[in-house]
Amino acid sequence: MTDPITQQFSHNNYILHNKIGEGKFGRVYKGTQISTGQVVAIKVIKYTNGSYSNFENKQITKFKQEIHLCTKISHPNIIKVLDRGITNDNLQFAVFEYIFGITLKDYILTKKKLSISDIVELMSQVLDALVCIHNKGIIHKDLKPKNIMIQHSGAKKHIKILDFGISQFTNKTLYIHSNKNNCYNQMSGSPAYSSPEQLRGEPTTYKTDLYSWGLILLECLTGRPAIIGNSINEILQLQLSSNNIFIPPNIANHPLGVILKKVLHKDPNKRPNESQIIFNEFNSLDFTSIKHQIESNTSFNHEDADLTL
């Protein structure tokens, strides 16, 4: 079935091709910039019957905020926004660089076991990107393997962090709600990679991104998600529990385990808030002693991969 947006999208400098992603409020397409012939990614806001409802007008506001955030960032490991506009049919859209590669999630599934050199290289780049956005006063809030792309166009692997759709400046207190029993309807982000305070609808800080980074690092090290559940409720119970995230002994007993314990502390008051400090600590570690243990671990059951929501 043909995507209706590709038929209705009319602009003198962009052509839509196939859909490559979709979120709650927008769809992402592979496209071409006519003036240059460059392949791009075009994000289009979802709409109804050719006009915007009050709900959709709110999404336009969030969409504009996302673009505003992205224009404030210039970093080799963060996706670039190239343009924005409105089609002849009044469709709001934004143009991003197109990333030729695969997601970190797919990379883990494909490789089964990541080498320690891979892990250090990729997760250091993620941290470097976090240092950049945090220095700009921005919290990503939806860091997860599916939002991290890996390119291999040169001698080294290169990551790009995507999707700043729910990101915010630190001076904006959003997503504060009184009904704690209905947190899934109120929260933002992905439950399996969100911090406990984010899931409770409390104000977020840089600590939220560092918690997500820790979960992703642990997934890279073990080959399986740190938080697995058969339902959203199970995942929420694991995240909101006071029990610490399980770290395998071979990792916990290494200095790397000290970093993981710090960033994965369930109490945000006991979690570091400085991504630069974590970056420095991570890159000063000697991974030689843990290399064999990590790379010889048994790979995880791929059926578990679809249980993280």
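The values are calculated or read from the model by the stated rules, or taken from the named source; none is laboratory data. Just so we're clear, the structure is a prediction, and the values are computed from it rather than from any experiment. Cβ atoms come from the backbone with ideal geometry, glycine included; neighbour counts cover every protein chain shown.
Looking only at the range 236-251, which residues are assigned to a helix (DSSP H, G or I) and in contact (Cβ under 8 Å) with a residue 24 or more places away in the chain?
If the condition is that a residue be assigned to a helix (DSSP H, G or I) and in contact (Cβ under 8 Å) with a residue 24 or more places away in the chain, then Leu236, Gln239, Leu240, Asn250, Ile251 are the ones that fit.
Within the range 45-90, which residues are among the hydrophobic types (A, V, I, L, M, F, W, C), at pLDDT 85 or above and over 26 Å from Leu130 (Cα atoms)?
If the condition is that a residue be among the hydrophobic types (A, V, I, L, M, F, W, C), at pLDDT 85 or above and over 26 Å from Leu130 (Cα atoms), then Ile86 is the only one that fits.
Output yes when any residue across the range 124-132 is among the acidic types (Asp, Glu), surrounded by fewer than 21 Cβ atoms within 10 Å (Cβ to Cβ) and at pLDDT below 95, and no when none is.
no
Go through (1) free of Cβ contacts under 8 Å to residues at least 40 places away in the same chain; (2) more than 29 Å from Leu16 (Cβ to Cβ) for Lys64 and report which single condition fails.
Here Lys64 meets the rest and fails (2).
I'd like the full set of residues that are modelled with pLDDT under 80, surrounded by fewer than 16 Cβ atoms within 10 Å (Cβ to Cβ) and among the aromatic types (Phe, Trp, Tyr), limited to the range 152-200.
Tyr184
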